[in-house]
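The structure appears below as structure tokens.
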Amino acid sequence: MSHRPVVFTLSFLLTFALLLPGAALVNSDSTSTYRAFRLGESAADVAKQAGTPASGTRSTATRPNRVEELDWRTTLYPVSTSGASKPDSVRQILFRFYNGSLFEMDVTYDRDQTSGLTDTDMTEALSAIYGPASAPVSKEISFDSGFPGNVRAIAQWGGPQSLLSLVGFPYGDGFGVVVSSPADQTAARLALLESDRLDLAEAPQKELDRQAKRMADAQASDEKSRSLNKPGFRP
């Protein structure tokens, strides 16, 4: 007996479980877009679409180039699910910006919504949107993101301009998706490394400056106390 109809039904239902609760993927042939979010958008535009305050954007590097992050959790800023039969399958998206432009989205799916699903199930669901998947270049990827440690690269779509990767978390703890601009991703990581290098190189001088300031502040405080206490002091 053939099981192909069952597989098709699973893929069909899984696609809607992943995509229907929130805004649908825009331009399904483009791996630069996930739901209503597109690589290259500003932090303000992303925050507006996500319904989260833009003030929540935090800097991870300010020089030589700016790298920022914005964390969106559906439990705090839920997307409208009117008409949807299931809660949103996305638990969290970490948006990352390079010089003000969105270059990476780290999507974490809700563990309950993907419980029991296999790598094949998840690949089929995304393939229904993005087309046939290709094998990842590396089976294990270390992302400097909100993901729990190193993740398994399961499948990928796209190419040099934009890349969407399906990943599995350690110990069978669910799945996620990384949508990125590889060129900007590399540039951002180099910027973070250079920022760390500059901080390390300047740390000794900064510590000397802090000590000098503490001494100057203490001296100023003593001088103020002296000017107040000396005239009225009686031995």
Distance in nm between Ser127 and Ser227 label points, each 7 Å along Cα→Cβ, equals 7.9
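Can you give the FRET efficiency to the nearest 0.05 for Met215 and Arg73, using r as the Cβ-Cβ distance and R₀ = 45 Å? Each step should come with its number before you reach the end.
On the way: r = 45 Å, r/R0 = 1.00.
E between Met215 and Arg73, to the nearest 0.05, is 0.50.
Excluding ligands, DNA and RNA, what is the solvent-accessible area per residue of the range 160-225 at a probe of 1.4 Å, expressed in Å²?
Values: 4120 Å² over 66 residues.
Heavy-atom accessible area per residue stands at 62 Å².
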Expressed in nanometres to one decimal, the distance between label points 7 Å along Cα→Cβ at Lys48 and Asp196 is 3.5
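The values are calculated or read from the model by the stated rules, or taken from the named source; none is laboratory data. Just so it is clear, the model here is predicted, and its values are computed rather than measured. All Cβ positions, glycine included, derive from the backbone under ideal geometry; neighbour counts span all protein chains shown. All accessible areas refer to the heavy atoms of the entire protein, side chains included, with ligands and DNA or RNA removed. Shrake-Rupley method; radii C 1.70, N 1.55, O 1.52, S 1.80 Å.
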